[in-house]
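Just below is one structure, and these are the notes that go with it.
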Amino acid sequence: SAPAGGAAGGRKRRRSRALPARPACPLTLPLLLLLLPGVMAASKPVEVPGGGGTAGLSRWQLALVLGTPILLGAGAIYLWGRRAARRGKGASERKTPEGRASPGPGGESGSGQADGPGHEEMSPLGRAQAAKNKGNKYFKAGKYELAIQCYTEAISLCPPEKNLDLSTFYQNRAAAYEQLQKWTEVAQDCTKAVELNPKYVKALFRRAKAHEKLDNKKECLEDVTAVCILEAFQNQQSMLLADKVLKLLGKEKAKEKYKNREPLMPSPQFIKSYFSSFTDDIISQPLLKGEKSDEDKDKEGEASEVKENSGYLRAKQYMEEENYDKIISESTKEIEAKGRYMAEALLLRATFYLLIGNASAAKPDLDQVISMEDANVKLRANALIKRGSMYMQQQQPVLSTQDFNMAADIDPQNADVYHHRGQLKILLDQIEEAVEDFDECIRLRPNSALAQAQKCFALYRQAYTGSNALTVQAAMKGFEDVIKNFPRCAEGYALYAQALTDQQQFGKADEMYDKCIDLEPDNATTYVHKGLLQLQWKQDLDKGLELISKAIEIDNKCDFAYETMGTIEVQRGNLDKAIEMFNKAINLAKSEMEMAHLYSLCDAAYAQTEVAKKYGLKPPTL
């Protein structure tokens, strides 16, 4: 997710005022399917006359095209194909006890209804089956204690070599315990069943649910991972449980890690990209003539002497020299001295707190600037934009909207307000209002190529979600107009590339990414997106990895590149390498929410390694 600046400001791209920061995957799918081989595009196609193909555009993909925070939580990385997502089966409850033993690796035991006695002679197994059938009748009548007694009798009568039958009796007793909410007993009996039949889906899933109730998230995740693999990711109930547990694990780990993390300054490319999303931001403007001296520049790495003894002006000089590590300390000096530029220093310090991922430190500074009625109105409006974006990152859209609206009220001629509020409206699915904001931004700043491109994308989304082929075609033509009128705007090419990829016009999308690279060769994220395109278009794993490696070479703090590399390694079955990549991305995460997302990816990969060790189960790989 972007640091809290513009609604989508600066997400890991030098030009990323609005560009996607994560793979184009469907948000609407359960997280288990997020990184399955083939799940690179959304599932609902729109045919465009003469468009050269069909593809889907998901809400998740659109949000990411704007470089926004991941508002719906973390993703998991159980890998399957797009077909699995489309033909997913309904969620069977797995509630009733079984009438016969699970057939083992081949599948489940039919309907789960009780069979007849099954043995005319009263052998030990026959007597056990009779006790189990009696227990099934009690179960269906809601007499669970009596059912448990019968299943216990069946267990005691069953010959020990009859593994599948015995596993069914334990699983049935677990089902009765489940109705009584005796979760420890449920887990214990399911463990017995799984020991006797290691690929017993019902027992594994019931144990997963018991572990969830007992707050054993790690054990729950491992069990439900095994279930998802055994069911070939066809059962929605299993996938949603895994999705839920992954989110909870990710949030727990991120909360602890983020609280104790060392502040990390982003790369210069990222910082410049972030500030380039504003045009009415006083603190990012160069020092004015007369504020600095051209003398005393012989000390490399130190700010030039400014004519006033001002910590803020020194901080501004450090910004120009890309010596970002000194900005917070110099701004603090100005604030403590209650200097002439105190409001500017508060906003500058808050901005860099946001950039290093310290929102709790940024908020008091932003609050103070916003409350300073005698301060320059553009400073207050900029602070409101940044605080509003911070709220959106924290999943507080009401507060976010209030801040953007207040910014528009106090500074109605500020184009930045409408530009960033337009992006916020897209995230909130308020497309018509987004277009109105982009139009107002363009009215105030007619040469804003970025607003033109983002308006075009908003119209494209509106057309796509309405399944209107003609308006989709018109939106695609709008992109052509943008890149014709603003040929030096990398953003226009990149957003167009996203739409082209969505319409499966891969060759042309690849050309657009090449244009981006020509314009901004040091933009790491463009290489990542071009690498993802190679996977989706040509299934060219080597080329995709080469491009993503190039991104890391350009910017070794590009967490998106490490995350994507980890995703691909999971798809290749290289789980240890994937976990290594995810951990690198975690250490670079700029928000707690983004860190939670990455932890979920990492936990999903780790769960697969554990399942592979215990049961020999692996999802399909590329």
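Assess whether D429 counts as being touching a residue at least 60 places away in the same chain (Cβ under 8 Å), of a type in the set (D, E, K, R), touching a Lys or Arg at 6+ places or on another chain (Cβ under 9 Å) and open to solvent by less than 10 Å² (accessible area, probe 1.4 Å). In short, no. Considering the conditions (1) under 35 Å from the mean Cα position of the chain (by Cα); (2) surrounded by fewer than 20 Cβ atoms within 10 Å (Cβ to Cβ), D223 is excluded by exactly one of them, (2). Residues in segment 362-390 that are open to solvent by 30 Å² or more (accessible area, probe 1.4 Å) and of a type in the set (A, V, I, L, M, F, W, C): M372, V377.
Can you report the number of residues in segment 465-474 which are open to solvent by 10 Å² or more (accessible area, probe 1.4 Å), part of a helix (DSSP H, G or I) and in contact (Cβ under 8 Å) with a residue 24 or more places away in the chain?
Number of matching residues: 4.
Restricting A469, A474, A509, A494 to residues that are closer than 30 Å to L355 by Cβ and among the small types (G, A, S) narrows the list to A494. Within segment 455-482, the set of residues being within 19 Å of E440 (Cβ to Cβ) and touching a Ser or Thr at 6+ places or on another chain (Cβ under 9 Å) comprises L459, Q462.
Of the residues making up segment 234-260, those that are out of contact with any Pro (no Cβ under 8 Å at 6 or more places or on another chain) and among the hydrophobic types (A, V, I, L, M, F, W, C) are L241, V245, L246, L248, L249, A254. Pairs meeting the criteria (first residue in segment 182-198 and touching a residue at least 60 places away in the same chain (Cβ under 8 Å), second residue among the aliphatic types (A, V, I, L, M), beta carbons under 7 Å, at least 6 apart or on different chains) are N197/L164. Which of the residues spanning segment 319-339 are part of a helix (DSSP H, G or I) and in contact with a Phe, Trp or Tyr (Cβ under 8 Å, 6 or more places away or on another chain)? Across segment 319-339, the qualifying residues are Y324, K326, I327, I328, E330, S331, E334.
Scanning segment 238-248 for residues that are open to solvent by 20 Å² or more (accessible area, probe 1.4 Å) and in contact with a helix residue (DSSP H, G or I) (Cβ under 7 Å, 6 or more places away or on another chain) turns up K247, L248. Residue pairs whose Cβ atoms lie under 6 Å apart, sitting 6 or more positions apart in sequence or on different chains, and linking a residue in segment 317-332 that is within 14 Å of Y353 (Cα to Cα) and outside the structural domain of A362 (by the TED database) to a partner that is basic (K, R) and modelled with pLDDT of 95 or more, do not occur here. Of all the listed residues (N235, N260, N216), the sole one being buried (at least 16 other Cβ atoms within 10 Å of the Cβ), without any contact (Cβ under 8 Å) to a residue 40 or more places away in the chain and either under 30 Å from A375 (Cβ atoms) or polar (S, T, N, Q) (or both) is N216. State the number of residues belonging to segment 214-240 that are assigned to a helix (DSSP H, G or I) and farther than 17 Å from V611 by Cβ. Result for segment 214-240: 3. Among the residues that make up segment 517-524, is at least one of them modelled with pLDDT of 95 or more, of a type in the set (D, E, K, R), open to solvent by 20 Å² or more (accessible area, probe 1.4 Å) and in a helix (DSSP H, G or I)? The answer is yes, given that some residue of segment 517-524 is modelled with pLDDT of 95 or more, of a type in the set (D, E, K, R), open to solvent by 20 Å² or more (accessible area, probe 1.4 Å) and in a helix (DSSP H, G or I). Taken over segment 186-213, the criterion of being open to solvent by 50 Å² or more (accessible area, probe 1.4 Å) and either within 14 Å of V611 (Cβ to Cβ) or under 31 Å from the mean Cα position of the chain (by Cα) (or both) is satisfied by P198, K199, E212, K213. What tally of residues in segment 543-560 results from selecting those that are in contact with a helix residue (DSSP H, G or I) (Cβ under 7 Å, 6 or more places away or on another chain) and outside any helix (DSSP H, G or I)? Total satisfying the criteria: 3. Take the conditions (1) touching a Gly at 6+ places or on another chain (Cβ under 7 Å); (2) open to solvent by 10 Å² or more (accessible area, probe 1.4 Å); (3) at negative phi; E580 misses just one of them, which is (1). Test A509 against the stated conditions and say whether it is modelled with pLDDT of 95 or more, open to solvent by less than 40 Å² (accessible area, probe 1.4 Å) and farther than 22 Å from P268 by Cα. It is true that A509 is modelled with pLDDT of 95 or more, open to solvent by less than 40 Å² (accessible area, probe 1.4 Å) and farther than 22 Å from P268 by Cα.
Residues that are open to solvent by less than 40 Å² (accessible area, probe 1.4 Å) and β-branched (V, I, T) within segment 604-622 comprise T609, V611, listed in sequence order. Going by the conditions given, is Y599 outside the structural domain of K244 (by the TED database), open to solvent by 20 Å² or more (accessible area, probe 1.4 Å), among the aromatic types (F, W, Y) and within 26 Å of Y391 (Cα to Cα)? Criteria met by Y599.
The values are calculated or read from the model by the stated rules, or taken from the named source; none is laboratory data. Fair warning: this is a prediction, and the values are worked out from it, not measured in the lab. Counting neighbours? That spans all protein chains shown, and the Cβs are built from the backbone with ideal geometry, glycine included. Quick note on the areas: whole protein, heavy atoms, side chains included, nothing else; ligands and nucleic acids left out. Shrake-Rupley method; radii C 1.70, N 1.55, O 1.52, S 1.80 Å.
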